[in-house]
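See structure below.
The values are calculated or read from the model by the stated rules, or taken from the named source; none is laboratory data. Keep in mind that what you see is a predicted model, and the values were worked out from it rather than measured. Positions of Cβ are backbone-derived with ideal geometry, glycine not excepted, and every protein chain shown enters the neighbour counts.
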Amino acid sequence: MDQNIPQVIQTVPLQYYVFFATALFSIGVVGVLTRRNAIIIFMCVELMLNAVNVLLTAFSAYRADPNGQIFVFFIMAVAAAEVAVGLAIIVMIYRNLQNTDVNLLNRLKF
Amino acid sequence: MLLAVPTNYQPSDFLPIIVQFVLAIAFVAFAMVVSHLVGPRRKSVVKDEAFECGIESVGNARTPISVKYFLTAILFVLFDVEVIFMYPWAVNFRALGQTGFIEMIVFLALLMAGFTYVIKKGVLRWNEA
Amino acid sequence: MIELPALGWQSIVIFVVFAVSLLIATYCTYAERVIAAFLQDRVGPDRAGPYGLAQPLADAVKMFTKEEFFPGGANKALFVFGPCLAMITALMSSAVIPFGNNLTFGNNAFFLQGIEVNIGMLWIFGVVSLGVYGVMIGGWASNNKFSLLGAVRAASQNISYELAMGMALIAVLMMSGTLSLREITLQQSVAGEWHFWNIVKQPLGFIIFCVCAFAETNRTPFDLPECETELVGGYHTEYSSMKLGLYLFAEYVNIFVVSAVMSVLYFGGFNFPFQYELRDWFVNSQGWELTSAQNLITILGTLGLFAKIFGFIFFFMWIRWTLPRFRYDQLMRLGWTILIPLAVINILITGGLILFGVIQ
Amino acid sequence: MNSIILLSVLGLGNLFLGFLRSNRLLLPAAMLMLALVFGINLIDWNEGAQSYFNNMLVIDNFSVAFTGVVILTTFLLIPFSQKFVRDGEANLAEYYSLLLFSLVGAVMMVAYNHLLILFVGIETLSIAMYVLAGSDKRNLRSNEAALKYFLMGSFTTGILLFGIALVYGATGTFQLSDISFAVQNPINDSLQPMLYIGMLLMLVGMGFKVSAAPFHFWTPDVYEGTPTFFAAFMSTVVKAAGFAAFLKLMVQVFPAASAQGVWLPTLTAMCALTLLLGNVGAVAQTSVKRMLAYSSVSHAGYLLIGLVAFNGQLEGASANAIFFYSLAYSVATVAAFGVLKLVADQRQREDYNGLNGLAKTNPLLAFVMTVAMLSLAGIPLTGGFFGKFFIFSAAVENGYIGLVVFAVVMSMVSIYYYLRPIIAMYMRETDVTTDEPILVSSFQSAALFVLALLTVVLGVLPGLISGIL
Amino acid sequence: MLTVILLLWPVAAALLLHFFKGGAARVAAFGAALVELVLAVYAALTFNVNHTGQFSFNHEWIASAGINFHVGMDGLSLLLVLLTTFLVPIILLAAYRRKIENESVFYALVLFMETGLVGVFTAQDAFLFYFMWEVALIPIYFLAGVWGGENRAKVTFKFFLYTIVGSLFMLAAFVYLYFQTGPAASGLATHNSDIASFYNLNLSVQEQSWLFWLIFAAFAVKMPIFPFHTWQPDTYTESPAPATMLLSGIMLKMGIYGCMRWLLPVVPSGVSQWQNLVLILAIIGIIYGAIIAIRQQDVKRLIAYSSLSHVGLMAAGVFSLTQIGLQGASIQMLAHGINVVGMFFIADAIERRTGTRTIADLGGLTRQAPVLTVCFLVLLLGTVALPLTNGFVGEFLLLAGVYEYNAWMGAVAGVTIILAAVYLLRMFQRVMLGPDSSFTATFTDLTGAELAVLVPLIVLVFWIGLFPNMFLHLSEGSVMNILNEVVKR
């Protein structure tokens, strides 16, 4: 529809977005793998999702293709549903355990 | 392209927001710093206690609260996201025309079905549990 | 990069808007007392300055010089951060409101608006929603059960009413087809038809929005978070000095912003009745230049907008002293089971009317 | 498409049925709904590919077949929820509805033609399962299972999404055929690494979802903690749908030789590792439920062989093999979990000794469990044998002899742990905790009988469905 | 079509057996087995020795894979079908009066197994053959495992694992061979698994060499050939008598039959390459089995080891690749089936009366039970291969075959007869003769029902011994065909 937009956006190189998103994503992954508090892990997961959102939006804008942004909408909606369920689970555990440290949850062994 | 994007906006249109942000922070910081410098400081153990109408406070204040609040919060998250979905639709309402409207009716019907379910399930019955 | 002159002008506007909103917020405290006194047939503040007009300043001085108090067991950083956040979010939202049409000087046209973005409505909505964090953080950090309960109540209430508010907005958006507040305002002006305001087409939407606006700003009858009979001071029980001041201040700034938004969305913003006729009269009968006439109209429009805003602020205060407070479950039930379905019905009606060509 | 709409609507309807005073109606209602959907689903059979939503969703024989599998599995599983009905479980309607909703996700996963639908399908399925995993609210183990499943699941989703995003960045589309075209005709060579990384991340994401090693470690914990009824659902429907989606992804998106060169070795290694860890892990277990969890990991390994050996189109031998295997495996697993649930509900134990003397007290249960175990072990006369057989043939046909040999060796290992329940049931004596007969309603008996029958029919007359895709 | 009926009837009967309880089930099962026998005899009577592949039935089974339900009988198959259908009623009769829990299930399993066995002997499609091979395994596993002795769990597990692992190798080989074949007749699939296609494959010597071991593994375990035999004595001992009889009387023969039908003609070069080794293993088995048997204290174990020894000889005969050796194997399968079933039956009869199987605890049965002694002696002599008994014909032909292949081997294998005489007669002497022991004081002679089991066996011992040509004649054509296939390539 409008060829102008991508050009405006391209003043920031695509790589920057990719690097930024990858960095965010990596922070999220590292957080998930190293942190022991369920809420923090959960937030790291959200960080990963947001990294994806950034990346998709960037690609979408660069290609003047709305699909990527629509995808972002769906990710947000689904993430909301995930948040709902996830928080419910964490609240449930907290009420049983008074704690959200996943290390305490070792009744099921690896 | 599904979303109508006005053409005459530039990313740089958003720059003044920074200006306002700086102003807001400056004001708040000013207020905090001045009151910190001007106000007297007299600490005492009794004064530092939590104010609970003169009754001695018992236990930790960070106690679990009614789960209804969490439910409200979780429901808000879900419904709010659905509302967000409606923004692009609303903006493009005329372009999408009748089909768009019918689709949105379906969407709203589903949303309201969930809504009715939630209400019937007793989310708002505050005097229970 | 952006050209400096544009930013310069906008900075000025932002600065002015900022100052005005602070000023209005300040005098809201005065207005509140005066109106309260008037409604209750008693004397309001009348000692500081003529008619007590310096009262807000005195209050400010008092706030600054009070002792800064940190309750034991509070999380200090968050305790400070809470009011700051509340204030910052309140102040951030005003700049996108179009306070007036453009002023033309020579070849340069200036918008009487701090920031003109295509997503103005989303911006306001997003920033205002952040305000609840300020309340929540402050209440939690106080380490006081009353505070916590007040904060939780505030949060629940805010988010509940935000839903209905958002849905009420959808109906406006369906008609306007844009998220830009300026566009929305301009659409409400058609030569010769002052009743082209959205309130005519969206009465139900306005009522919903208005009720929600009360709840969002924690005003009576929705001031449960700070209802002194149950929770002492609610989330700001433990606050003193300027931190308390920021909370109170933020509330009034929010009232101002919400009033402005209501004016813009439903009451034509800076449009006023017979503005085109007036302009034409100046041009045709008085022989003014078109730009000068236009500038005059713009200024009058701005004043009109402020008049509307003041009207709403007065409305807020009037309601405060008229209606009793809700019980909490009543409040939540009103939000969820009445306003949300009403908003949905409003969306459907609006959609149907637009599709059948009843409203444009 | 019909099945998606129908499942959603019925799921919603079921939710409201929960407001009835008695929940006795729910079970038959749910079964009726599933039967209805199953029938409606079959209408699309051999109708050719029908696409919906701008070609984002394609209903063809492949999707109809796998939809059939997941719905049938659920249908057969549902009778075992009778205990919930008996106990007056408060949230029964929600459980059924969540199952129906997750089936919506499963159907989307098997019918997607656009990565968005894949994502939404996976999440619809997963989110419902997170809830169900934690449905035993007072039980800490269930809580933990839910938390682990949830954290791992959303983590995986993140990885999968990042992969999708990178692939989108490299190809500019989410449409499967377009991606495939772009992979074969790269516009820009500098984007190839991004494409491959994205592809591998998607592989990892899907690997997590179908619990392939080394991303399987959550499986045993989650399955063990999850209430048995839902664990059965997880290890059947979720797995079947996951593999259908996985297969479709690999077959339709990355058949290009250059891409294959990257993912095929990875997948092969994953496959071998899954087989090894799944089978060896299962050997060490003392709890039947954990054993079944590990067994489900190992079966993911077998299914991965089918994936490795895919031959380029959804109608090929490996698609057929995966279809047959999924069905046979699902039926047998449902039977195993069903018996286990009945036993564990009454005897309050899930270890092998809990099954002691079952042949004496409940011959039918023992028989069904035996059939299930033999089928899982891949002994002839049961569907499991032909499932493995088809998978292995597909692999041999495509030259993966080494992999097949390894898989065969591993399935020998598996015999060890699959025979243990049989030994316990038939050759061990009852003790105090196990000498009471398990109470089984005639309804459940009928379901068990049907499961056993189906397994045997698949094992005797595999030709009925072996080549239908 | 007759073959299909032979296959389906026992299954149908097994399913119907569920509606009978207790004694009625026993009678019904026996009746069903008799009907099966009649059908088999009818088949034998209408069998034309000059044609191969009679009573055949060929129908698509798994069309997409080119696998057909192809069954049919030639002389060799018929011989073994006859053996099966004859022994099953005998075994059912042998279980008469035994106290068995869940009788209907027990008998149903036996009948079910009969289907598997008949299927193995008549399958003309590789996958059908494998399928039936396993179908025969499952019931026997449960028969031995559920109704067996103290150690049954461990022992049957070992048995199951051995056989299934062996057969998986075979399956692997079949899959490989399958992919070498041409399109199926129906044209739906690119390959087929018909026995004829397998016979006509062009395989390199190297391929055949390893394929040989894959296929041989299954048969070697089943027979069992020497190093694969460790499951056998335990299983025989722990299983209940009917299961032991099924195992030793019929299941053993699956291995031998498999070698003849599915190994020699399919990978002839592989066979000739490894022939020597297999023969050596077989002969080691003969000697080993015999020597261990001598040392045995347990009657059942002794018979088990003797069976091992005899199977070794049969395998040696088969792998001599001579017509006479193969013919010997065919007839010896029959003979051994009859003898070993009889022996185990008698061992079981003694155990039931005395409660012990230990040779040292027994003695002096002759006086209390003369009829039993006579029956025992006849079967024993048949096993020892005394002329005029069935064992003689088989062992003679087998030894001749091995001798023809290699004189030294023949000579060593011949020792089996001497050793068999040593351990069997020694057992006879200790058990039947000598002074009474505390266990045997109140020994009673055979009942009518037991006699009904033994008489047909004894009749056959002599019948085969006296008129071996009746049976040799049946299998001759098949053996020639097999050898032709071997020579052809």
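Side notes on the structure shown:
- Counting the residues of region E:43-80 that are under 18 Å from E:Gln327 (Cβ atoms), β-branched (Val, Ile, Thr) and within 22 Å of the chain's Cα centre (by Cα) gives 0.
Yes/no matrix, rows are residues, columns are (1) out of contact with any Leu (no Cβ under 7 Å at 6 or more places or on another chain); (2) within 27 Å of E:His191 (Cβ to Cβ); (3) surrounded by 15 or more Cβ atoms within 10 Å (Cβ to Cβ):
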residue	(1), (2), (3)
E:Phe20	yes, no, yes
E:Ala33	no, no, yes
E:Phe47	no, no, yes
E:Phe69	no, yes, yes
E:Asp74	yes, yes, yes
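- Matching residues in region C:69-99 - criterion: being more than 9 Å from chain B (Cβ to nearest Cβ), under 14 Å from C:Tyr239 (Cα atoms) and assigned to a loop (DSSP other than H, G, I, E, B): C:Asn75
- Residue satisfying condition, being modelled with pLDDT under 85 and among the β-branched types (Val, Ile, Thr), within set D:Ile422, D:Ile415, D:Ile391, D:Ile401: D:Ile401
- Across region B:116-129, the number of residues qualifying as in a helix (DSSP H, G or I) and either facing another protein chain (nearest Cβ under 7 Å) or more than 26 Å from D:Leu20 (Cα to Cα) (or both) comes to 3.
- Only one of the listed residues (D:Ser211, D:Ser235) is within 14 Å of chain A (Cβ to nearest Cβ) and of a type in the set (Gly, Ala, Ser). That residue is D:Ser211.
- Residue-level check: of (1) more than 27 Å from the chain's Cα centre (by Cα); (2) modelled with pLDDT of 85 or more, E:Phe443 misses just (2).
- In region B:68-82, the residues that are aliphatic (A, V, I, L, M) and facing another protein chain (nearest Cβ under 7 Å): B:Ala73, B:Ile74, B:Val77, B:Leu78, B:Val81
- Search result, residues across region B:83-103 that are within 7 Å of chain C (Cβ to nearest Cβ), of a type in the set (A, V, I, L, M, F, W, C) and free of Cβ contacts under 8 Å to residues at least 24 places away in the same chain: B:Val83, B:Met86, B:Ala90, B:Phe93, B:Phe101
- Out of E:Ala44, E:Ala94, one residue alone is under 20 Å from E:Ile5 (Cβ atoms) and among the aliphatic types (A, V, I, L, M). It is E:Ala44.
The rows are residues; the columns are (1) surrounded by 14 or more Cβ atoms within 10 Å (Cβ to Cβ); (2) modelled with pLDDT of 80 or more.
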residue	(1), (2)
A:Pro13	no, yes
A:Tyr16	no, yes
A:Phe20	yes, yes
A:Val30	no, yes
A:Arg36	no, no
A:Ile40	yes, yes
A:Met43	yes, yes
A:Leu56	yes, yes
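- Single unsatisfied condition, C:Pro273 versus (1) surrounded by fewer than 16 Cβ atoms within 10 Å (Cβ to Cβ); (2) in contact with a Phe, Trp or Tyr (Cβ under 6 Å, 6 or more places away or on another chain); (3) more than 20 Å from C:Leu181 (Cα to Cα): (3)
- Counted residues, region D:120-147 - those being of a type outside the set (A, V, I, L, M) and more than 7 Å from chain A (Cβ to nearest Cβ): 8
- Looking only at region E:434-455, residues that are over 19 Å from E:Leu377 (Cβ atoms), in a loop (DSSP other than H, G, I, E, B) and in contact with a Ser or Thr (Cβ under 8 Å, 6 or more places away or on another chain) come to 0 in all.
- The set of residues in region D:389-440 being surrounded by fewer than 19 Cβ atoms within 10 Å (Cβ to Cβ), without any contact (Cβ under 8 Å) to a residue 24 or more places away in the chain and not β-branched (Val, Ile, Thr) consists of D:Gly399, D:Gly402, D:Met412.
- Every condition in (1) out of contact with any Lys or Arg (no Cβ under 7 Å at 6 or more places or on another chain); (2) over 30 Å from D:Asn185 (Cα atoms) is met by D:Val167 except one, and the failing one is (2).
- Single match in D:Gln260, D:Gln252 (criterion: out of contact with any His (no Cβ under 6 Å at 6 or more places or on another chain) and free of Cβ contacts under 8 Å to residues at least 40 places away in the same chain): D:Gln260
- Note on region E:134-154: residues that are in a helix (DSSP H, G or I) and either more than 10 Å from every other protein chain (Cβ to nearest Cβ) or under 17 Å from the mean Cα position of the chain (by Cα) (or both) amount to 10.
- Restricted to region A:62-86, and to residues there that are assigned to a helix (DSSP H, G or I) and at pLDDT below 85, the residue that is nearest to the other protein chains (Cβ to nearest Cβ) is A:Arg63.
- A single member of A:Thr34, A:Thr57 is of a type in the set (Ser, Thr, Tyr) and either within 10 Å of the chain's Cα centre (by Cα) or facing chain D (nearest Cβ under 10 Å) (or both), and it is A:Thr57.
- Options D:Glu47, D:Glu89; residue that is touching an Asp or Glu at 6+ places or on another chain (Cβ under 9 Å) and surrounded by fewer than 19 Cβ atoms within 10 Å (Cβ to Cβ): D:Glu47
- Taken together, E:Ala40, E:Ala95, E:Ala65 contain a single residue that is aliphatic (A, V, I, L, M), touching a His at 6+ places or on another chain (Cβ under 8 Å) and either farther than 28 Å from E:Leu472 by Cα or more than 14 Å from chain D (Cβ to nearest Cβ) (or both), which is E:Ala65.
- Selection status of C:Ile119, within 11 Å of chain B (Cβ to nearest Cβ), on the phi < 0 side of the Ramachandran plot and at pLDDT 75 or above: yes
- Looking across C:Arg320, C:Arg325, one residue alone is touching a Cys at 6+ places or on another chain (Cβ under 7 Å) and either within 14 Å of chain B (Cβ to nearest Cβ) or not polar (S, T, N, Q) (or both). It is C:Arg325.
- Number of residues in region D:369-391 that are of a type outside the set (A, V, I, L, M, F, W, C) and either more than 16 Å from D:Ser330 (Cβ to Cβ) or at the interface with chain E (Cβ under 8 Å from one of its Cβ atoms) (or both): the value is 2.
- Scanning region D:50-86 for residues that are part of a loop (DSSP other than H, G, I, E, B), among the hydrophobic types (A, V, I, L, M, F, W, C) and surrounded by 15 or more Cβ atoms within 10 Å (Cβ to Cβ) yields a single hit, D:Met56.
- The condition of being of a type in the set (A, V, I, L, M, F, W, C) and crowded, with 23+ Cβ neighbours inside 10 Å holds for only one of E:Leu379, E:Leu386, that being E:Leu379.
- The set of residues in region E:43-62 that are in a strand (DSSP E or B) and either within 14 Å of chain D (Cβ to nearest Cβ) or touching a residue at least 40 places away in the same chain (Cβ under 8 Å) (or both) comprises E:Phe55, E:Ser56, E:Phe57, E:Asn58, E:His59, E:Glu60, E:Trp61, E:Ile62.
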